[in-house]
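Notes for the one structure printed next.
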Amino acid sequence: MNWHKTTLEISTRGKGLHDITDRVRAQVREWGVQEGMCFLFLPHTSASLVVSENWDPTARADLETFMERLVPEQDSWYTHDLEGPDDATSHIRAMLTDTSLTIPVDDGNLSLGSWQGIYIFEQRLRPHRRDVLMRVLSVK
């Protein structure tokens, strides 16, 4: 067994779903992993990782709209605004989703479904640089 690790630096353009599937796949290929498990962790409190539909962009838009409606910006009861008016909402939205993912690797590929992609779900209005800690345990 081999343990591979790196940090992927991802620049987001601000709020929304940002596809990182190709970056993760490329790293698995570069390491030559044929069978194993891919672990992703996002060490941030105002963004998250999600697996979602990657074919129809309206699915992404619907997810973004859902989150906006679930946790609307600038509700009167928010008190946490140290980093700006999106501070409380960013943390609440990120709390509702995941900061880590585990994806099997089979035959040299991520074992995602036909229409699945890996996304950073950025909750901040302005662009950010996000780190994704990537670890892969290779058994072959």
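Set the Förster radius R0 to 25 Å, insert the Cβ-Cβ distance between Lys5 and Thr97 as r into 1/(1 + (r/R0)^6), and round the FRET efficiency to 0.05.
Working: r = 23 Å, r/R0 = 0.93.
For R0 = 25 Å, the calculated efficiency reads 0.60.
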Per-residue ellipticity at 222 nm attributable to helices in the chain (runs of n ≥ 4 DSSP H, -39500 (n - 2.57) apiece, nearest 500 deg cm²/dmol) works out to -7500 deg cm²/dmol
Inter-part gap, Cα centre of the stretch 1-80 to Cα centre of the stretch 112-138, in whole angstrom, is 3 Å
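Using Cβ contacts closer than 10 Å as the measure, can you line up Leu49, Leu63 from fewest to most? Intermediate values should be presented prior to the final figure.
Values: Leu49 21, Leu63 18.
Listing Leu49, Leu63 from fewest to most nearby Cβ atoms yields Leu63, Leu49.
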Stretched fully, the stretch from Ser52 through Phe66 gains (0.36 nm per residue minus C-alpha distance, one decimal, in nm) 3.7 nm
Helix 21-31 sits off the longest principal axis of the Cα atoms of the chain, rounded to the nearest 10 on a 0 to 90 degree scale, by 30 degrees
With Rh as the Kirkwood radius over Cα pairs, the stretch 81-122 has Rg/Rh of 1.19
Scalar couplings 3J(HN,Hα) for the stretch 39-50 by Karplus 6.51 cos²θ - 1.76 cosθ + 1.60 (θ = phi - 60°), nearest whole Hz, x for Gly and Pro, are 10, 10, 9, 10, x, 9, 10, 10, 8, 8, 10, 9
For the stretch 1-51 the trypsin sites (Lys or Arg not before Pro) that pass both the DSSP coil test and the at-most-10 other-Cβ-within-10 Å test are Arg13
With bins of 5 Å, the percent of all Cα-Cα pairs of the chain per bin from 0 is 2, 10, 20, 21, 18, 13, 8, 5, 3, 1, 0
Karplus ³J(HN,Hα) for the stretch 128-140 (6.51 cos²θ - 1.76 cosθ + 1.60, θ = phi - 60°; Hz, whole; x = Gly/Pro) runs 9, 9, 10, 9, 10, 7, 10, 10, 10, 9, 9, 9, 9
Nearest 10, in degrees from 0 to 90: the angle of helix 57-70 to the longest Cα principal axis of the chain is 40 degrees
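Report the charge-dipole magnitude of the chain in Debye, nearest 20, computed about the Cα centre from +1 at each Lys and Arg Cβ and -1 at each Asp and Glu Cβ.
Numbers: 15 positive and 21 negative charges, 92 e Å.
Using only the charged Cβ atoms, the result is roughly 440 debye.
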HN-Hα couplings for the stretch 111-119 via Karplus (6.51, -1.76, 1.60; θ = phi - 60°), in whole Hz with x for Gly/Pro, come out as 8, 8, x, 3, 10, 9, x, 9, 10
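All of the numbers you see were taken from the coordinates with simple rules; none came from a lab. Everything numeric here is computed off the predicted structure, so don't read it as measured data. All Cβ positions, glycine included, derive from the backbone under ideal geometry; neighbour counts span all protein chains shown.
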